[in-house]
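Here is the structure we will look at, set down as C-alpha coordinates.
The values are calculated or read from the model by the stated rules, or taken from the named source; none is laboratory data. Model, not experiment: these values are computed from the prediction. Counting neighbours? That spans all protein chains shown, and the Cβs are built from the backbone with ideal geometry, glycine included. Accessible surface areas use protein heavy atoms only, side chains included; no ligands, DNA or RNA. Shrake-Rupley method; radii C 1.70, N 1.55, O 1.52, S 1.80 Å.
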2 protein chains.
Amino acid sequence: MITVLRLGHRFERDKRISTHVCLTARAFGADNVVFDVRDERVEDSIKRITDEWGGNFKVDFTDNAKKFIKNFDGIKVHLTMYGLNINDVIDEVIKKFEKEKNLLIIVGGQKVDAEIYFIVDYNIGIGNQPHSEVAALAVFLDRLFKGEELKRKFNGKIEVIPKEKGKEIIRK
Amino acid sequence: MITVLRLGHRFERDKRISTHVCLTARAFGADNVVFDVRDERVEDSIKRITDEWGGNFKVDFTDNAKKFIKNFDGIKVHLTMYGLNINDVIDEVIKKFEKEKNLLIIVGGQKVDAEIYFIVDYNIGIGNQPHSEVAALAVFLDRLFKGEELKRKFNGKIEVIPKEKGKEIIRK
(Lines give C-alpha, C1' and ligand atoms only; values in the text may rest on other atoms or scores of the structure.)
Protein backbone atom coordinates (compact mmCIF):
# COMPACT_ATOMS: atom_id res chain seq x y z
CA MET A 1 0.00 0.00 0.00
CA ILE A 2 1.49 3.31 -1.10
CA THR A 3 0.12 6.66 0.05
CA VAL A 4 1.30 10.02 -1.27
CA LEU A 5 0.91 13.01 1.05
CA ARG A 6 0.80 16.25 -0.94
CA LEU A 7 1.67 19.19 1.36
CA GLY A 8 0.97 22.88 0.86
CA HIS A 9 -1.43 22.86 -2.09
CA ARG A 10 -2.28 26.49 -2.88
CA PHE A 11 -5.85 26.82 -4.13
CA GLU A 12 -5.17 29.73 -6.50
CA ARG A 13 -1.99 28.43 -8.10
CA ASP A 14 -1.64 24.67 -7.76
CA LYS A 15 -4.75 23.13 -9.29
CA ARG A 16 -2.96 21.76 -12.35
CA ILE A 17 0.27 20.75 -10.60
CA SER A 18 -1.68 18.93 -7.87
CA THR A 19 -3.76 17.20 -10.55
CA HIS A 20 -0.54 16.06 -12.21
CA VAL A 21 0.74 14.82 -8.83
CA CYS A 22 -2.42 12.70 -8.46
CA LEU A 23 -2.39 11.33 -12.02
CA THR A 24 1.28 10.47 -11.69
CA ALA A 25 0.72 8.77 -8.33
CA ARG A 26 -2.06 6.68 -9.89
CA ALA A 27 -0.25 5.80 -13.13
CA PHE A 28 2.98 4.84 -11.30
CA GLY A 29 1.38 2.52 -8.79
CA ALA A 30 0.41 4.52 -5.66
CA ASP A 31 -2.96 3.78 -4.04
CA ASN A 32 -4.03 7.23 -2.90
CA VAL A 33 -3.03 10.87 -2.47
CA VAL A 34 -3.83 12.72 0.74
CA PHE A 35 -4.02 16.54 0.69
CA ASP A 36 -3.74 18.92 3.63
CA VAL A 37 -5.85 21.51 1.75
CA ARG A 38 -9.17 20.43 0.29
CA ASP A 39 -9.75 21.20 -3.40
CA GLU A 40 -12.83 19.62 -4.96
CA ARG A 41 -11.74 20.66 -8.45
CA VAL A 42 -8.74 18.33 -8.18
CA GLU A 43 -10.80 15.54 -6.58
CA ASP A 44 -13.43 15.78 -9.35
CA SER A 45 -10.95 15.68 -12.19
CA ILE A 46 -9.19 12.63 -10.71
CA LYS A 47 -12.54 10.91 -10.19
CA ARG A 48 -13.42 11.45 -13.86
CA ILE A 49 -10.12 9.87 -14.94
CA THR A 50 -10.46 6.90 -12.58
CA ASP A 51 -14.07 6.26 -13.67
CA GLU A 52 -12.92 5.93 -17.27
CA TRP A 53 -9.43 4.50 -16.97
CA GLY A 54 -9.95 2.13 -14.05
CA GLY A 55 -8.19 1.19 -10.84
CA ASN A 56 -9.00 1.92 -7.19
CA PHE A 57 -7.07 5.14 -6.79
CA LYS A 58 -8.47 7.59 -4.20
CA VAL A 59 -7.97 11.23 -3.22
CA ASP A 60 -8.27 11.89 0.52
CA PHE A 61 -7.81 14.76 2.96
CA THR A 62 -6.27 15.28 6.40
CA ASP A 63 -6.64 18.36 8.58
CA ASN A 64 -3.42 17.57 10.45
CA ALA A 65 -0.55 16.53 8.22
CA LYS A 66 2.05 16.18 10.98
CA LYS A 67 -0.20 13.92 13.02
CA PHE A 68 -0.95 11.96 9.84
CA ILE A 69 2.77 11.40 9.29
CA LYS A 70 3.47 10.52 12.92
CA ASN A 71 0.59 8.01 13.01
CA PHE A 72 1.44 6.39 9.68
CA ASP A 73 2.35 2.73 10.14
CA GLY A 74 5.12 2.07 7.62
CA ILE A 75 8.16 3.62 5.94
CA LYS A 76 8.04 7.41 5.62
CA VAL A 77 9.92 9.03 2.75
CA HIS A 78 10.06 12.78 2.14
CA LEU A 79 11.10 13.75 -1.40
CA THR A 80 13.19 16.93 -1.19
CA MET A 81 16.11 18.40 -3.13
CA TYR A 82 17.93 18.74 0.22
CA GLY A 83 17.88 15.01 0.92
CA LEU A 84 20.26 12.15 0.18
CA ASN A 85 20.62 11.30 -3.50
CA ILE A 86 18.18 8.56 -4.53
CA ASN A 87 21.02 6.70 -6.27
CA ASP A 88 22.61 6.15 -2.86
CA VAL A 89 19.55 5.04 -0.87
CA ILE A 90 17.00 3.43 -3.19
CA ASP A 91 18.27 -0.13 -2.67
CA GLU A 92 17.83 0.19 1.09
CA VAL A 93 14.30 1.63 0.67
CA ILE A 94 13.33 -1.19 -1.72
CA LYS A 95 14.49 -3.80 0.83
CA LYS A 96 12.51 -2.15 3.64
CA PHE A 97 9.44 -1.82 1.43
CA GLU A 98 9.57 -5.55 0.61
CA LYS A 99 9.36 -6.25 4.36
CA GLU A 100 7.04 -3.51 5.63
CA LYS A 101 4.66 -3.22 2.61
CA ASN A 102 3.34 0.21 3.69
CA LEU A 103 5.00 3.31 2.32
CA LEU A 104 4.22 7.01 2.75
CA ILE A 105 5.73 9.38 0.17
CA ILE A 106 5.60 13.06 1.11
CA VAL A 107 5.88 15.74 -1.57
CA GLY A 108 5.77 19.44 -0.82
CA GLY A 109 5.45 22.65 -2.75
CA GLN A 110 7.55 25.77 -2.23
CA LYS A 111 7.89 25.74 1.57
CA VAL A 112 7.87 22.66 3.75
CA ASP A 113 7.83 23.05 7.54
CA ALA A 114 11.27 22.22 8.99
CA GLU A 115 9.82 19.63 11.39
CA ILE A 116 8.80 17.39 8.47
CA TYR A 117 12.47 16.59 7.78
CA PHE A 118 12.78 15.13 11.29
CA ILE A 119 9.61 13.02 11.56
CA VAL A 120 10.31 10.86 8.47
CA ASP A 121 12.62 7.87 7.95
CA TYR A 122 14.23 9.21 4.76
CA ASN A 123 14.72 12.59 3.13
CA ILE A 124 15.51 11.71 -0.48
CA GLY A 125 16.57 14.00 -3.31
CA ILE A 126 15.81 13.05 -6.90
CA GLY A 127 19.03 14.87 -7.51
CA ASN A 128 19.76 18.09 -5.62
CA GLN A 129 18.63 20.64 -8.19
CA PRO A 130 15.28 22.48 -8.10
CA HIS A 131 12.71 20.85 -10.40
CA SER A 132 9.23 19.47 -9.80
CA GLU A 133 7.30 17.40 -7.27
CA VAL A 134 5.65 15.66 -10.25
CA ALA A 135 9.03 14.64 -11.68
CA ALA A 136 10.33 13.59 -8.26
CA LEU A 137 7.33 11.39 -7.53
CA ALA A 138 7.42 9.73 -10.97
CA VAL A 139 11.12 8.88 -10.83
CA PHE A 140 10.93 7.68 -7.22
CA LEU A 141 8.07 5.26 -8.03
CA ASP A 142 9.72 4.14 -11.28
CA ARG A 143 12.90 3.29 -9.36
CA LEU A 144 10.97 1.62 -6.53
CA PHE A 145 9.09 -0.69 -8.90
CA LYS A 146 12.00 -0.98 -11.38
CA GLY A 147 9.71 -0.10 -14.30
CA GLU A 148 7.22 -2.89 -13.59
CA GLU A 149 4.54 -0.30 -12.67
CA LEU A 150 4.28 0.68 -16.34
CA LYS A 151 2.97 -2.78 -17.30
CA ARG A 152 0.18 -2.80 -14.72
CA LYS A 153 -3.43 -3.28 -15.96
CA PHE A 154 -6.13 -0.90 -14.67
CA ASN A 155 -9.19 -2.67 -16.18
CA GLY A 156 -10.87 0.59 -17.12
CA LYS A 157 -13.57 1.34 -19.66
CA ILE A 158 -10.85 2.69 -21.93
CA GLU A 159 -7.57 1.03 -22.75
CA VAL A 160 -4.75 2.15 -25.04
CA ILE A 161 -3.30 -0.30 -27.55
CA PRO A 162 0.37 0.81 -27.73
CA LYS A 163 1.28 1.78 -31.30
CA GLU A 164 4.35 2.76 -33.29
CA LYS A 165 2.43 5.53 -35.10
CA GLY A 166 -0.96 7.08 -34.42
CA LYS A 167 -3.52 6.30 -31.71
CA GLU A 168 -5.61 3.24 -30.93
CA ILE A 169 -7.93 2.78 -27.98
CA ILE A 170 -10.55 0.19 -27.10
CA ARG A 171 -13.74 1.00 -25.18
CA LYS A 172 -15.40 -1.74 -23.18
CA MET B 1 22.87 17.48 -27.14
CA ILE B 2 19.29 17.02 -25.99
CA THR B 3 16.48 19.38 -26.98
CA VAL B 4 12.96 19.22 -25.56
CA LEU B 5 10.17 20.60 -27.76
CA ARG B 6 7.17 21.62 -25.67
CA LEU B 7 4.05 21.78 -27.86
CA GLY B 8 0.77 23.53 -27.20
CA HIS B 9 1.60 25.71 -24.18
CA ARG B 10 -1.57 27.61 -23.23
CA PHE B 11 -0.76 31.06 -21.88
CA GLU B 12 -3.66 31.20 -19.41
CA ARG B 13 -3.35 27.71 -17.96
CA ASP B 14 0.11 26.25 -18.44
CA LYS B 15 2.57 28.67 -16.88
CA ARG B 16 3.41 26.46 -13.94
CA ILE B 17 3.33 23.13 -15.81
CA SER B 18 5.58 24.52 -18.54
CA THR B 19 7.94 25.89 -15.89
CA HIS B 20 8.09 22.41 -14.35
CA VAL B 21 8.78 20.94 -17.81
CA CYS B 22 11.75 23.32 -18.18
CA LEU B 23 13.14 22.74 -14.67
CA THR B 24 12.83 18.99 -15.13
CA ALA B 25 14.52 19.13 -18.53
CA ARG B 26 17.40 21.10 -16.99
CA ALA B 27 17.78 18.98 -13.84
CA PHE B 28 17.66 15.69 -15.77
CA GLY B 29 20.29 16.61 -18.34
CA ALA B 30 18.60 18.25 -21.35
CA ASP B 31 20.28 21.29 -22.90
CA ASN B 32 17.29 23.39 -23.88
CA VAL B 33 13.52 23.57 -24.21
CA VAL B 34 11.90 25.01 -27.33
CA PHE B 35 8.31 26.34 -27.12
CA ASP B 36 5.90 26.92 -29.99
CA VAL B 37 4.14 29.65 -27.95
CA ARG B 38 6.21 32.43 -26.46
CA ASP B 39 5.76 33.09 -22.71
CA GLU B 40 8.24 35.47 -21.13
CA ARG B 41 7.02 34.62 -17.63
CA VAL B 42 8.32 31.06 -18.08
CA GLU B 43 11.55 32.25 -19.72
CA ASP B 44 12.20 34.70 -16.87
CA SER B 45 11.63 32.21 -14.10
CA ILE B 46 13.95 29.67 -15.74
CA LYS B 47 16.60 32.35 -16.25
CA ARG B 48 16.45 33.22 -12.54
CA ILE B 49 16.97 29.56 -11.61
CA THR B 50 19.83 29.06 -14.06
CA ASP B 51 21.57 32.27 -12.90
CA GLU B 52 21.63 30.94 -9.34
CA TRP B 53 21.92 27.19 -9.79
CA GLY B 54 24.25 27.07 -12.78
CA GLY B 55 24.52 25.23 -16.08
CA ASN B 56 23.98 26.37 -19.66
CA PHE B 57 20.31 25.52 -19.99
CA LYS B 58 18.33 27.68 -22.46
CA VAL B 59 14.69 28.35 -23.31
CA ASP B 60 14.05 28.98 -27.01
CA PHE B 61 11.12 29.52 -29.36
CA THR B 62 10.06 28.33 -32.82
CA ASP B 63 7.17 29.71 -34.86
CA ASN B 64 6.89 26.47 -36.86
CA ALA B 65 7.07 23.33 -34.73
CA LYS B 66 6.56 20.86 -37.58
CA LYS B 67 9.32 22.39 -39.66
CA PHE B 68 11.50 22.40 -36.53
CA ILE B 69 10.92 18.65 -36.10
CA LYS B 70 11.45 17.85 -39.78
CA ASN B 71 14.72 19.84 -39.88
CA PHE B 72 16.08 18.42 -36.62
CA ASP B 73 19.29 16.45 -37.25
CA GLY B 74 19.14 13.52 -34.81
CA ILE B 75 16.78 11.04 -33.19
CA LYS B 76 13.21 12.29 -32.73
CA VAL B 77 11.18 10.88 -29.85
CA HIS B 78 7.58 11.86 -29.09
CA LEU B 79 6.43 11.02 -25.57
CA THR B 80 2.77 10.01 -25.72
CA MET B 81 0.53 7.61 -23.80
CA TYR B 82 -0.45 6.10 -27.17
CA GLY B 83 3.11 5.05 -28.00
CA LEU B 84 5.12 1.88 -27.45
CA ASN B 85 5.91 1.15 -23.80
CA ILE B 86 9.30 2.61 -22.82
CA ASN B 87 10.25 -0.73 -21.23
CA ASP B 88 10.20 -2.30 -24.69
CA VAL B 89 12.13 0.35 -26.65
CA ILE B 90 14.50 2.21 -24.32
CA ASP B 91 17.50 -0.07 -25.00
CA GLU B 92 17.22 0.59 -28.73
CA VAL B 93 16.93 4.36 -28.17
CA ILE B 94 19.99 4.35 -25.87
CA LYS B 95 22.04 2.56 -28.53
CA LYS B 96 21.00 5.03 -31.22
CA PHE B 97 21.69 7.98 -28.92
CA GLU B 98 25.21 6.70 -28.22
CA LYS B 99 25.85 6.83 -32.00
CA GLU B 100 23.91 9.91 -33.10
CA LYS B 101 24.44 12.17 -30.02
CA ASN B 102 21.55 14.51 -30.93
CA LEU B 103 18.12 13.81 -29.50
CA LEU B 104 14.83 15.69 -29.76
CA ILE B 105 12.18 14.87 -27.15
CA ILE B 106 8.69 16.15 -27.95
CA VAL B 107 6.13 16.60 -25.17
CA GLY B 108 2.63 17.87 -25.79
CA GLY B 109 -0.28 19.08 -23.73
CA GLN B 110 -3.91 18.05 -24.18
CA LYS B 111 -4.09 17.83 -27.99
CA VAL B 112 -1.19 17.01 -30.28
CA ASP B 113 -1.66 17.30 -34.06
CA ALA B 114 -1.96 13.83 -35.63
CA GLU B 115 0.87 14.53 -38.08
CA ILE B 116 3.41 14.70 -35.22
CA TYR B 117 3.07 10.94 -34.67
CA PHE B 118 4.27 10.33 -38.23
CA ILE B 119 7.23 12.71 -38.49
CA VAL B 120 9.16 11.27 -35.51
CA ASP B 121 11.31 8.15 -35.15
CA TYR B 122 9.63 6.90 -31.97
CA ASN B 123 6.31 7.41 -30.22
CA ILE B 124 7.00 6.25 -26.66
CA GLY B 125 4.57 5.83 -23.79
CA ILE B 126 5.80 6.14 -20.21
CA GLY B 127 3.10 3.60 -19.62
CA ASN B 128 -0.23 3.94 -21.42
CA GLN B 129 -2.25 5.70 -18.72
CA PRO B 130 -2.96 9.45 -18.65
CA HIS B 131 -0.57 11.32 -16.35
CA SER B 132 1.78 14.24 -16.90
CA GLU B 133 4.27 15.54 -19.45
CA VAL B 134 6.51 16.47 -16.51
CA ALA B 135 6.50 12.88 -15.20
CA ALA B 136 7.00 11.47 -18.69
CA LEU B 137 10.00 13.68 -19.43
CA ALA B 138 11.64 12.95 -16.05
CA VAL B 139 11.32 9.18 -16.32
CA PHE B 140 12.42 9.13 -19.96
CA LEU B 141 15.62 11.08 -19.17
CA ASP B 142 16.28 9.05 -16.01
CA ARG B 143 16.06 5.84 -18.05
CA LEU B 144 18.15 7.28 -20.89
CA PHE B 145 20.99 8.27 -18.54
CA LYS B 146 20.45 5.32 -16.15
CA GLY B 147 20.39 7.66 -13.15
CA GLU B 148 23.79 9.21 -13.90
CA GLU B 149 22.13 12.57 -14.65
CA LEU B 150 21.37 13.00 -10.95
CA LYS B 151 25.08 13.15 -10.07
CA ARG B 152 25.88 15.89 -12.58
CA LYS B 153 27.45 19.14 -11.26
CA PHE B 154 26.00 22.49 -12.37
CA ASN B 155 28.64 24.79 -10.85
CA GLY B 156 26.09 27.36 -9.73
CA LYS B 157 26.27 30.09 -7.10
CA ILE B 158 24.21 27.80 -4.87
CA GLU B 159 24.82 24.14 -4.18
CA VAL B 160 22.96 21.70 -1.94
CA ILE B 161 24.89 19.49 0.44
CA PRO B 162 22.74 16.33 0.57
CA LYS B 163 21.63 15.64 4.13
CA GLU B 164 19.82 12.93 6.06
CA LYS B 165 17.81 15.53 8.03
CA GLY B 166 17.36 19.26 7.49
CA LYS B 167 18.81 21.56 4.84
CA GLU B 168 22.32 22.64 4.00
CA ILE B 169 23.40 24.84 1.10
CA ILE B 170 26.63 26.57 0.20
CA ARG B 171 26.80 29.93 -1.60
CA LYS B 172 29.86 30.74 -3.65
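How much of the DSSP beta bridge set in the protein assembly as shown is antiparallel, as a percent to the nearest 5?
So the antiparallel bridges amount to about 15 percent of the total.
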Starting at 0 and stepping by 5 Å, how many percent of the alpha carbon pairs of the stretch B:99-155 end up in each bin? 4, 13, 23, 25, 18, 10, 6, 2, 0
So for the stretch B:1-136, what percent of the C-alpha to C-alpha distances run longer than 21 Å? 39
One-quarter of the Cα convex hull surface for the stretch B:50-93, in nm²? 5.4
Which distances in nm, rounded to one decimal and ordered from shortest, link the label point of residue B:13 to the equivalent label points in the other identical copies, with labels set 7 Å from Cα toward Cβ? 2.1
Where the only charges are on Cβ atoms (+1 Lys, Arg; -1 Asp, Glu), what is the dipole of the protein assembly as shown about its Cα centre, to the nearest 20 debye? 120
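Whole number please: convex hull volume per residue of the Cα set in the protein assembly as shown, in Å³?
125
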Given the options B:137, B:150, B:23, state which has the largest fluctuation in a GNM of chain B using a 10 Å cut-off (strictly under) for Cα springs. B:150
By average C-beta atoms within 10 angstrom, highest first, the peptides B:114-124, A:95-105: B:114-124, A:95-105
I'd like the projected area of the stretch A:62-165, averaged over all directions, using the convex hull of its alpha carbons. Report it in nm² with one decimal. 9.2
Which of the residue pairs B:95/B:172; B:15/B:167; A:76/A:151 have a Cα-Cα distance greater than 32 Å in the structure shown? B:95/B:172
Please work out the average accessible area per residue across the stretch B:16-172, using the 1.4 Å probe convention, and give it in Å². 46
Here the net charge surrounding residue A:56, from other residues whose Cβ is less than 13 Å away from its Cβ (Lys, Arg +1; Asp, Glu -1), is +2
Quick one: pull the percent of accessible area on the protein assembly as shown belonging to carbon and sulfur, 1.4 Å probe, ligands and nucleic acids left out. 47
Heavy atoms of residue A:10: accessible area, 1.4 Å probe, square angstrom to 10: 60
Over all residues in B:110-121, what is the mean tally of Cβ atoms on other chains that come within 10 Å of each residue's Cβ? 1
Estimated translational D of the stretch A:25-76 in µm²/s (Stokes, Kirkwood radius over Cα pairs; 20 °C; 1.002 mPa s): 176
Amide H contacts under 5 Å for residue B:5, placed H, 5+ residues apart: B:34, B:105, B:106, B:107
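What average number of partner chain Cβ atoms lie no more than 10 Å from the Cβ of the residues making up B:139-146? Can you show the working numbers first?
Details: counts 10, 1, 2, 8, 3, 0, 0, 1.
Neighbouring Cβ atoms belonging to other protein chains average 3 per residue here.
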Mean other chain Cβ within 10 Å across B:154-162 is 4
Where nothing but the Cβ of Lys and Arg (+1) and of Asp and Glu (-1) is charged, how large is the charge dipole of chain A around its Cα centre, in debye to the nearest 20? 540
Expected 222 nm ellipticity per residue - DSSP helices of 4 or more, -39500 (n - 2.57), all of the protein assembly as shown, to 500: -11000 deg cm²/dmol
Percent of beta bridges antiparallel (DSSP, the stretch B:45-172, rounded to nearest 5): 30
Note to self: C-alpha centroids of the stretch A:94-129 and the stretch B:141-170 sit apart, in Å, by 16
What residue among A:84, A:53, A:17 has its Cα farthest toward the positive end of the dipole of the stretch A:1-155, where the charges are +1 on Lys, Arg and -1 on Asp, Glu, each on the Cβ? A:53
